[in-house]
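The values are calculated or read from the model by the stated rules, or taken from the named source; none is laboratory data. Since the model is a prediction, treat every value here as computed from it, not as a measurement. With ideal geometry, Cβ positions are generated from the backbone for all residues, glycine too; neighbour counts draw on all protein chains shown. In case anyone asks, the SASA skips ligands and DNA or RNA and just uses the protein heavy atoms, side chains included. Shrake-Rupley method; radii C 1.70, N 1.55, O 1.52, S 1.80 Å.
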Amino acid sequence: MTVSHNTHQVKRINVELVKNTLKAAGTGTKASIAGMTQLSVATCGSILNELVRSGEVLELELEESSGGRPARQYMFNADYACVLCLMVRTEGGRHSVSYIVVNLTGDRLDEGTRDFTRINADTVDLLIGELTQKYSNIKAAGIGIPGVAHRGVIGICDVAELAGVPLGEQLSEKYDMDIIVENDMNATVYGFYQLHNPEEDQPFAVVTFPKHHFPGAGFIVNGRMVSGITHFAGEISYLPSAYTREEQLQRLHKQETFIPMAAQMLASVITILNPVSVAVTGELTDPSMTQELLNECLEHIPQEHMPALLIKNNTQEEYMTGITALTLESLTYRLQLVERK
């Protein structure tokens, strides 16, 4: 029973390896893919034949012969499927859902933003229904929300009508596809990592100070998001403080108290994570306050341990990139091997 299970796992890993190699290379033959993957030509041939039958790989013309028998070329079919990503936002009294549809290599097929007077589960459901009608080969959907999500169930959320809703399960059953529900800061920090690629093995953080909402943070360690056991990591408004959460929010919205309050939160993140850099975002921030914020942080953090600070107000592209990457990854099969010491 165990042997059969392991054989099945190895087969899925090999299939994923062939697909990813072909995606990266553009085109290839059975022999060239075998060389790149270190799999046998026979194994690659068997996998490619299956992928051609399913439509995930396309057969091309024979390559030009240099004297021997010409070899068949293959190409990854980026349009075999696509994914839908939704970004739920509530900022400054404006409620909106931005969406993007991409193929398997991340090429954008459609995008837009809808404004709503209110957002609830039906709002998200109707938009997914509309876009899956338009794109019948959508295989997964990712939903970014300004709140905590654990196993598809939304907890604390800036969009009150989504709090407590098992959105992932409801939509997955209705549309028969993988649905991931992710915290917006986790998606944003992953997008920063994908786009700007800070030093790959170094910890990295994004901390946001939005208008009218509590601050939040996202973390990358060793190239992976740190979400915590219940995806509560990054809810920095719950850090122990002399002020209640509501008092913290008030102080963050006053010009004379923003810098000390924000620096205290940043110092806590820096002390715990010791990141190489921190991106500071949100409507309450401005690049002009970089030096002042840095100086205030140095009141708490020794100079040699202070990371670089980058203040960036508009993180829409990072958010979109992060949720897109996470949704595309949900379609891949990954087996993590852990070496025990």
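Brief remarks on what is shown
- If you go through segment 223-249 and pick out every residue that is open to solvent by 60 Å² or more (accessible area, probe 1.4 Å) and either part of a helix (DSSP H, G or I) or in contact (Cβ under 8 Å) with a residue 60 or more places away in the chain (or both), you end up with 5.
- Check on ARG12, under 31 Å from the mean Cα position of the chain (by Cα), more than 25 Å from ARG69 (Cα to Cα) and not β-branched (Val, Ile, Thr): yes
- Residue match in segment 270-285 (condition: part of a loop (DSSP other than H, G, I, E, B), among the hydroxyl-bearing types (Ser, Thr, Tyr) and more than 22 Å from the chain's Cα centre (by Cα)): yes
- Of everything in segment 191-204 that is at pLDDT 90 or above and over 14 Å from the mean Cα position of the chain (by Cα), the residue that is most open to solvent (accessible area, probe 1.4 Å) is PRO203.
- Exactly one residue out of ILE180, ILE154, ILE220 is surrounded by 22 or more Cβ atoms within 10 Å (Cβ to Cβ), β-branched (Val, Ile, Thr), within 16 Å of the chain's Cα centre (by Cα) and part of a strand (DSSP E or B), and it is ILE220.
- Candidates are the residues of segment 291-311 that are open to solvent by less than 40 Å² (accessible area, probe 1.4 Å) and part of a helix (DSSP H, G or I); the one that is nearest to PHE258 (Cα to Cα) is LEU293.
- Hits in segment 250-290 (condition: crowded, with 17+ Cβ neighbours inside 10 Å, touching a strand residue (DSSP E or B) at 6+ places or on another chain (Cβ under 9 Å) and hydroxyl-bearing (Ser, Thr, Tyr)): SER277, THR281, THR285
- The selection criterion, being open to solvent by 40 Å² or more (accessible area, probe 1.4 Å), at pLDDT 90 or above and either over 30 Å from LYS211 (Cβ atoms) or touching a Cys at 6+ places or on another chain (Cβ under 7 Å) (or both), holds for MET36.
- Qualifying residue in segment 133-155 (condition: farther than 20 Å from GLY216 by Cβ, of a type in the set (Ser, Thr, Tyr) and touching a residue at least 12 places away in the same chain (Cβ under 8 Å)): yes
- Within segment 51-75, the only residue that satisfies the criterion of being open to solvent by 70 Å² or more (accessible area, probe 1.4 Å), at pLDDT 80 or above and more than 15 Å from GLY26 (Cα to Cα) is ARG53.
- Of the listed requirements (1) surrounded by fewer than 12 Cβ atoms within 10 Å (Cβ to Cβ); (2) of a type in the set (D, E, K, R); (3) in contact (Cβ under 8 Å) with a residue 24 or more places away in the chain, ASP115 misses just one: (3).
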